[in-house]
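Reviewing the structure listed below.
The values are calculated or read from the model by the stated rules, or taken from the named source; none is laboratory data. Since the model is a prediction, treat every value here as computed from it, not as a measurement. Glycine gets a Cβ as well: all are built from the backbone with ideal geometry, and neighbour counts include every protein chain shown. Quick note on the areas: whole protein, heavy atoms, side chains included, nothing else; ligands and nucleic acids left out. Shrake-Rupley method; radii C 1.70, N 1.55, O 1.52, S 1.80 Å.
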Amino acid sequence: MLIKIFGTVFSKTFAAVANFLIVILTAKYLGAGARGEIALVVLSVSIVALFQAIIGGSALTFFAANHSLKRLLTIALSWSFVLGVIVSFVLGYFELIQPDLLVELLLISIPQGVVLIFQSVLIGRKGIIEYNVLEFTRSATLVGTICLVLLGFGKEDLSWIYAAYITANLATVGLGTYFMWQLPRVESDTLIIPLSKKMVRFGIQVQLNNIAQMFNYRFVYFVIEKWKGLEVLGVFSVAISIAEILWIISKSIATYQTAILVNLTDRLKQATNTVAFSKMSLAFTSIALVVLLLIPESFFVLVFGDEFAYIKQINFYFAPAILFLSFFGILNHYFYSIDRNSINIYAALVGNVLTLGSAFFLIDNYNLEGAALTYSIAYVGMLIFLVVKFLAISGLKLNDFSPKKSDFQKFKTLLSGGR
């Protein structure tokens, strides 16, 4: 179990580091404007993936163990392709992505949807090692290809960058296909139509939360791009990429937390463990955040270029959002683990209202500082909502979240696999 958890943490960390290296390279060699365009394309791919994952994500994982792989893949691949095309054209029609980037969006998102399907099946069939291999392969191929394009061939053209994304996805699809052939066959009497209905029902609830969270997380990108331009968005997207590295801490802890909670039936232990994990996440993230805020402005100029000197100031305004999310993510996984995902959906909707209510005013009047504050306002609102719900369901008190001497022993017990 510890090996699989370590492998998952390693693959996620490697993916984040690879993405950050890509941010550095593209920002330094292509500039803020190009960085902004890449951020919009990657965001659009993420939006497409949200709809592809209705069947290709958690629902596929849930049904993978006891249903025919052939039928599951037939349903998931068909859904992924159709939704990938539809959502891409919708984004182009409403000019949420530049129409001349529609082909690139399709060529990136369709194979990436297939990778998602393969990884979801592997989780459902307990193929955690193979899942991590696919995660590592895609990240390594992507960053390796971009390094070759920019540093080896000196191609400072965005079309080459998009070709690198396509190449990485196709290479991962090839390896994933091999893994699918190696899986044991499971027979099931469930026909495709009834199975499809079950998967759609299951997946929609999960994805409603993810879609609402994506709105909170990326809506400001569109506002910045429309009102401030691609260069300003490029600077802001780099600041977000830095924050995402810090969020690996809470995501890794939340993954481990889920593995423990779903195997517990004692609701009180689930709640007290969640409190301990939330303190752990907040403590480790706070340490990393202090280190980030101490980094001098000259470092960002050296790494990214003169256009990105403003990142240090953005980080100070973004710091509350980083801390709020490190806490919020743990409570979010608690409700998921006890099958109360509807609470997470309501929390995300609270964030949607706060994002809409603050983004336009703050970005218009306070530029990128306002964008960073928009995140903080949304996340503190969602966090308050989840804390209230958590206390009501668990029966614990607010002061249970305060630091205690016994926390260190609790951390040690949890990390050693205890409960």
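Taken over region 262-290, residues that are open to solvent by less than 60 Å² (accessible area, probe 1.4 Å) and outside any helix (DSSP H, G or I) amount to 1.
If the condition is being of a type in the set (Ser, Thr, Tyr) and either in contact (Cβ under 8 Å) with a residue 40 or more places away in the chain or closer than 21 Å to Gly329 by Cα (or both), then region 342-393 contributes Ser342, Tyr346, Thr355, Thr374, Tyr375, Ser376, Tyr379.
Apart from one condition, Tyr131 fits all of (1) under 17 Å from Ile38 (Cβ atoms); (2) modelled with pLDDT under 95; (3) among the hydroxyl-bearing types (Ser, Thr, Tyr); the exception is (1). If you check Ala34, Ala76, Ala18, Ala59 for being at pLDDT 85 or above, among the small types (Gly, Ala, Ser) and within 21 Å of Ile211 (Cβ to Cβ), only one passes: Ala76.
For region 338-365, a residue qualifies if it is of a type in the set (Val, Ile, Thr) and under 18 Å from the mean Cα position of the chain (by Cα), and exactly one does: Ile345.
Does region 381-402 contain any residue that is farther than 24 Å from Thr272 by Cβ and either modelled with pLDDT of 95 or more or assigned to a helix (DSSP H, G or I) (or both)? The answer is yes, given that some residue of region 381-402 is farther than 24 Å from Thr272 by Cβ and either modelled with pLDDT of 95 or more or assigned to a helix (DSSP H, G or I) (or both). Residue pairs whose Cβ atoms lie under 7 Å apart, separated by 6 or more positions or on different chains, with the first residue in region 65-79 and open to solvent by less than 20 Å² (accessible area, probe 1.4 Å) and among the small types (Gly, Ala, Ser) and the second at pLDDT below 90 and not in a helix (DSSP H, G or I), are Ser68/Val186; Ser68/Glu187; Ser68/Ser188. Taking the criterion of being among the hydrophobic types (A, V, I, L, M, F, W, C), surrounded by 22 or more Cβ atoms within 10 Å (Cβ to Cβ) and more than 26 Å from Ser237 (Cβ to Cβ), the residues of region 30-63 that qualify are Ile54, Ile55, Ala59, Leu60, Phe63.
Annotation: of all residues in region 218-254 being farther than 15 Å from Leu289 by Cβ and acidic (Asp, Glu), the one that is most open to solvent (accessible area, probe 1.4 Å) is Glu231.
Scanning region 305-345 for residues that are among the β-branched types (Val, Ile, Thr), more than 14 Å from Thr374 (Cα to Cα) and at pLDDT 85 or above yields Ile311, Ile330, Ile343, Ile345.
For Ser159, indicate whether it is within 20 Å of Leu30 (Cα to Cα) and of a type in the set (Ser, Thr, Tyr). Here the answer is yes, as Ser159 does meet what is asked.
Against the conditions (1) in contact (Cβ under 8 Å) with a residue 60 or more places away in the chain; (2) in contact with a Pro (Cβ under 8 Å, 6 or more places away or on another chain), Gly92 satisfies every one except (1). Total residues in region 169-204 satisfying the condition of being over 25 Å from Ile110 (Cβ atoms), in contact with a Leu (Cβ under 9 Å, 6 or more places away or on another chain) and among the β-branched types (Val, Ile, Thr): the figure is 1. Here is the figure for region 97-122: residues that are surrounded by 18 or more Cβ atoms within 10 Å (Cβ to Cβ) and either in contact (Cβ under 8 Å) with a residue 40 or more places away in the chain or charged (D, E, K, R) (or both) total 18.
Here is a yes/no grid of residues against (1) open to solvent by less than 60 Å² (accessible area, probe 1.4 Å); (2) in contact (Cβ under 8 Å) with a residue 24 or more places away in the chain:
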position: Val149; (1), (2): yes, no
position: Gly154; (1), (2): yes, no
position: Thr177; (1), (2): yes, yes
position: Arg185; (1), (2): no, yes
